[in-house]
Structures are given as C-alpha cells and as structure tokens.
Amino acid sequence: MEFPSKLIEDAVNQIAKLPGIGKKTALRLALFLLKEDEVVTEGLTQALTDLRTKIKYCRQCHVIADDDLCQICRSPRRDKATVCVVQDSRDVMAIENTGQYQGLYHVLGGIISPLEGIGPGDIRIDSLMERICEEGSEVKEIILALSATMEGDTTAFYLSKKLKDQEVNISTIARGIPVGGELEYADEVTLGRSIITRTHYERS
C-alpha cells in the first residue's frame, strides 16, 4: 500500500496493530481522525495515555479499576459470601451486563494451559486461597465461571482440588455457554441464565 505521507503511513501502521483491524480499515480511521476537529484527536490521545498511565487493578479481586479497590468490592450491596472466579476483566463486564449476579469476583488473569506454558503459579490462585482462608472471611460459595474449553475445564478441576478442604460450596455456571465458547461472546440472556442455573461442581 502506497501512502502520500510518511505521517499517514506511521499512523496506519500503528492503528493496524490493533486486533481485527487491517491496513485498509486503519487508513480509513487515520483519514477520519485527520479530517475531524483537532479536539477529537486530542481527546482520543489523552484517553489512551490515561489508560496506560492511570489504570489500576483492584487489590482484592484484580479487576481493572480506577482505584486500589474497585466499585464492586467497595459496594455494601454486594453479596460477600459469593465469589465468582473468572479468567479476565472482560468476563466480569459480561456477567455484570446480565444484571443477574450480585456477588463479588476474583479475576485469575489467565487459565492453565500447558501448551502455552501457563501453569497454576502463573495465575492468581494463591490470592484466591488467601481470600477464602483469611480470618473473618465471609466467603461461602465459589462459582467457577470459566470458558467451556479444555483449558477452562483444566483450571476448574485444579481449583476444585485446591478448594476441597475449605468450608465453601463449589459451583459452576450451567452449560448454557456452548462448549468451546468464550464468555465474552455469549449473549446476555444465555450468560444470565447460566449464572442463575449454576450447578454443583463435580470433581469426577
């Protein structure tokens, strides 16, 4: 692809690094920003800079947050007896959009995947155990809301073994989520029903 300007070429190459965006789409976006008022580009630039420099992760559940403790963990209206374990922050957003869950979360930051060299020590399992075992813990139920993939099932099985000696109920979301599917792509109705109709997790 030929460009009339090195500046346009650089902008297109950077935008094209985003997932799902090819060179033609990147060029269209670059030309759109060039045509818009300067305040639009400045606003986008500032938002991206703030995203990289000011974003935090909740010290309790590890979800993306603006403060050390996220709004969900701070809320007195949330059910502190229930913790929903998910892979990443996108899954928290997906479940929150259903409006069917009022408990807390724990973001693992990944799932066990031997093929990719990701083991139990590479995700936030230890901090989950600390939350459950700490003195005064109110946690009574752990919901394993992991994607219905081989890696998700492996992670769920590992967690169930780690939690078997703890005085907590272990449940998993119902398989309304298709096998091999990712939570973030599930529609809100299906995901909401999966949360409501969660089942006891069997280690077999």
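The values are calculated or read from the model by the stated rules, or taken from the named source; none is laboratory data. Remember, it's a predicted structure, so these values are computed and weren't measured experimentally. When we count neighbours, we look across all protein chains shown, and the Cβ atoms used for this are built from the backbone with ideal geometry, even at glycine.
Taken over region 98-122, the criterion of being under 19 Å from T155 (Cα atoms), β-branched (V, I, T) and part of a loop (DSSP other than H, G, I, E, B) is satisfied by I111, I112.
Of all residues in region 71-97, those that are without any contact (Cβ under 8 Å) to a residue 60 or more places away in the chain, assigned to a loop (DSSP other than H, G, I, E, B) and in contact with a strand residue (DSSP E or B) (Cβ under 8 Å, 6 or more places away or on another chain) total 2. When residues in region 123-147 are screened for being touching a helix residue (DSSP H, G or I) at 6+ places or on another chain (Cβ under 9 Å), of a type outside the set (S, T, Y) and not in a helix (DSSP H, G or I), 7 of them pass. Being out of contact with any Asp or Glu (no Cβ under 9 Å at 6 or more places or on another chain) and not charged (D, E, K, R), is that true of even one residue in region 79-86? Yes, region 79-86 has at least one match. Do we have L104 as closer than 22 Å to A186 by Cβ, modelled with pLDDT of 95 or more and within 19 Å of the chain's Cα centre (by Cα) here? Answer is yes for this residue. Per the listing T155, T149, the residue uniquely under 20 Å from the mean Cα position of the chain (by Cα), modelled with pLDDT of 90 or more and not aromatic (F, W, Y) is T155. Within region 22-35, the set of residues being charged (D, E, K, R) and loosely packed, with under 12 Cβ neighbours inside 10 Å comprises K24, K35. Reported count of residues in region 156-177, each being touching a strand residue (DSSP E or B) at 6+ places or on another chain (Cβ under 9 Å) and without any contact (Cβ under 8 Å) to a residue 60 or more places away in the chain, is 13. In this entry, C58 is excluded by the filter for residues that are surrounded by 19 or more Cβ atoms within 10 Å (Cβ to Cβ), in contact with a Gly (Cβ under 7 Å, 6 or more places away or on another chain) and not hydroxyl-bearing (S, T, Y).
Only one of the numbered conditions (1) of a type outside the set (F, W, Y); (2) within 30 Å of D79 (Cα to Cα); (3) exposed (fewer than 13 other Cβ atoms within 10 Å of the Cβ); (4) modelled with pLDDT of 95 or more is not met by L51, and that is (4).
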